[in-house]
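Worksheet for the structure shown next.
The values are calculated or read from the model by the stated rules, or taken from the named source; none is laboratory data. For clarity, every value in this text was computed on a predicted model and none was experimentally measured. Cβ coordinates were reconstructed from backbone atoms using ideal geometry, including for glycine residues, and neighbour counts include every protein chain displayed. Calculation scope for accessible area: heavy atoms of the full protein, side chains included, ligands and nucleic acids excluded. Shrake-Rupley method; radii C 1.70, N 1.55, O 1.52, S 1.80 Å.
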Amino acid sequence: MRRIAWPALIGVLSAAFGVALAEVLAAATRPQAGPLVAVGGAVIDAAPTPLKEFAVRTLGTNDKPVLLGTIALALILFTALVGVLSVRHRWIAVAGAALFGLAGAVAAALRPAAIAYDVVPSIVGAAIAGATLLFLLHRSYRTDPAEPGPAGFDRRAFLRTAAVIAGGAVVAGGTSEVVKRVRGGAVTRSREAIDLPVAASPAKPLPAGTAPGFMTTNADFYRVDTALTVPSLDVDTWRLRIHGMVGREVELSFDDLLKRPLIERDITLNCVSNEVGGPYIGTARWLGVPLAPLLRELGVKPGADQVVARSAEGMTIGTPVETIFDGRDTMLCVGMNGEPLPLEHGFPVRMLTPGLYGYAGACKWMTEIELTTFADFDAYWVRRKWGARGPVKTASRIDKPAPFAKLTAGRVTVAGVAWAQGRGIRSVEVRVDDRAWAKAELLPVPSTDTWVQWRYDWPATAGLHTLSVRAIDGTGAVQTGQRATPFPDGATGWHTITATVE
Ligand SMILES: Nc1nc2c(c(=O)[nH]1)N[C@H]1C(S)=C(S)[C@@H](COP(=O)(O)O)O[C@H]1N2
Ligand SMILES: [Mo]
């Protein structure tokens, strides 16, 4: 056991030291070049669609810590093995470190927004890990030149050197965290210093009679993205480049955007990955620059049917050009619920296209808009076989009572939301067991771009009951009861819960 445990520890310790130093270097220069997030990002991008769907469904926002934990575990196993094998064959230490550095460097170099420098932290870290491993082995094993293989493990020598290296790894890891915090803090402060202008076209006050929960607070707003660390962009150097099939290309600063007339709208945003009855939906008051007048000024060349938004960390989201010019409030958002965009929701600027799922119209941390065609370019999710256009499907959800609730007989208020952004909701119906569909009461809404709150008074009788909900959209189309998975273009089916009445 000791013949394995000590060298395994030597392997892991050397790697931890190398990775920690690579992370410090990255944190101080290009945080996205850190080997852990680079490898994590590469794994996310390479993961097959069903696995991604499974992760979002079962882990929600915990998918990222779970992924990083899994990568850490794989690293520990690999480096422990390298440590054990290197006792007899020192070339394995060198090869192991090289492989280790190569994995980080390749992952970093293949990130969509990579620059050549991004391989450096991984290579430096691997070189340090390899050298540390050789040094620790040299210190810990007295090799008798007459005999091949290890001749005695010197525990005291090992412990003395290992303590120093472990200390170094902890200090380096801590330093990289501090550097990240300081950098993030600067961005947070610059965000807090932003004084958003008043909209030229403000949102109307919410109509009287909406129930609590109509608006989603920024803290409660769902978050779905592929970013392992929240991009923190410096608003002073941020630029939006608009190019491709336009009459005139431009580069706009954040101030350029704020100088334009802004609109403010209440809009519901939801994720295509949301299951029937799922939580990935929210409504906020968004402030932004309407995209149609801006693109009209630049001129859109005939034939361009896709707007591709690119983000700082390399996401691409393709939106049909027609959804910018058909009268809806497609915008470049700078504000959310009266504040500058939160970092997690795309600071400083994100797109929002009412009526499209987020993956098709709501690029966060955006830095680029390219006018192109669907024939010429497949955006990130389209390459992964999701629908290219992403219109929101009519859907509804029961929020109260909770599934499997225990209720007392009498009048029970059943309540929830329904949505069909752009088309609006004409009516919502509730079905108890196998009785006829009954009309729910609809609460007022500011526009067809938000969800609608509904309520139904249910005279509940003792027994086990099944409640279902369905919506009829503004065109009169009834929400389908046909079950479909979120992949490839949004879930369908009626949300159904059961409740016990006593
Ligand atoms: N840069 C970037 N933008 C993105 C994504 C992403 O992964 N990266 N995910 C999209 C998806 S799938 C959705 S549903 C919305 C979610 O926006 P939110 O996190 O602000 O709720 O952002 C969209 N914009
Ligand atoms: Mo999404």
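Structure notes:
- Amide hydrogen neighbours beyond the local backbone of residue 346, cut-off 5 Å, H modeled: 365
- In sequence order, the stretch 271-284 has phi-based couplings of 9, 5, 7, 5, 6, 4, x, x, x, 7, 7, x, 10, 9 Hz under the Karplus curve 6.51 cos²θ - 1.76 cosθ + 1.60, θ = phi - 60°, and Gly or Pro positions carry x.
- The chain - percent relative contact order, Cα under 8 Å, separation 6 or more: 13 percent
- Top positive-direction residue, dipole computed over the chain with Cβ charges, set 38, 199, 451: 38
- 5 angstrom amide H check on residue 373, placed H, neighbours 5+ away: 305, 306
- Within-15-Å neighbourhood charge of residue 101 [Cβ basis; K, R +1; D, E -1]: -2
- Most to least accessible of 461, 498 (protein chains only, probe 1.4 Å): 461, 498
- Burial order of peptide ranges 299-312, 398-411 (average beta-carbon count within 10 Å, highest first): 299-312, 398-411
- Dipole moment magnitude, nearest 20 debye, the stretch 238-395 about Cα centre, only Lys, Arg, Asp, Glu C-beta charged: 180 debye
- Among the listed pairs 52/364; 64/180; 400/439; 52/385; 204/400, those beyond 21 Å (Cα-Cα): 204/400
- Note on exposure: 331, 315 ranked by accessible area (1.4 Å probe, complete protein assembly) read 315, 331, with the most exposed listed first.
- The label point for residue 206 and the one for residue 131, both projected 7 Å from the Cα toward the Cβ, are 6.0 nm apart.
- Fully extending the segment from residue 298 to residue 241, taken as 0.36 nm per residue of separation minus the present Cα-Cα distance, adds 19.3 nm.
- Inter-label distance for residue 399 and residue 325, nm, one decimal - labels placed 7 Å from Cα along Cα-to-Cβ: 3.8 nm
- Note on the stretch 239-384: along the principal axes its Cα atoms extend 43, 36, 30 Å, ordered by decreasing extent.
- Taking the helices alone, the chain has a mean residue ellipticity at 222 nm of -11500 deg cm²/dmol, built from -39,500 (n - 2.57) per DSSP H run of at least 4 residues and averaged over all its residues.
- Heavy-atom accessible surface of the stretch 239-384: percent carbon and sulfur, 1.4 Å: 48 percent
- Accessible surface, the stretch 2-190, averaged per residue in Å² (probe 1.4 Å): 51 Å²
- Relative contact order for the stretch 22-148: 33 percent, from Cα pairs under 8 Å spaced at least 6 residues apart, divided by residue count.
- Accessible surface ranking for 220, 266, 45, 1.4 angstrom probe, highest first: 220, 45, 266.
- The alpha-carbon positions of the stretch 2-190 define a convex hull whose volume is 128 Å³ per residue.
- Fully extending the segment from residue 220 to residue 500, taken as 0.36 nm per residue of separation minus the present Cα-Cα distance, adds 97.9 nm.
- Between residue 110 and residue 178, residue separation times 0.36 nm minus the direct Cα-Cα distance comes to 21.8 nm.
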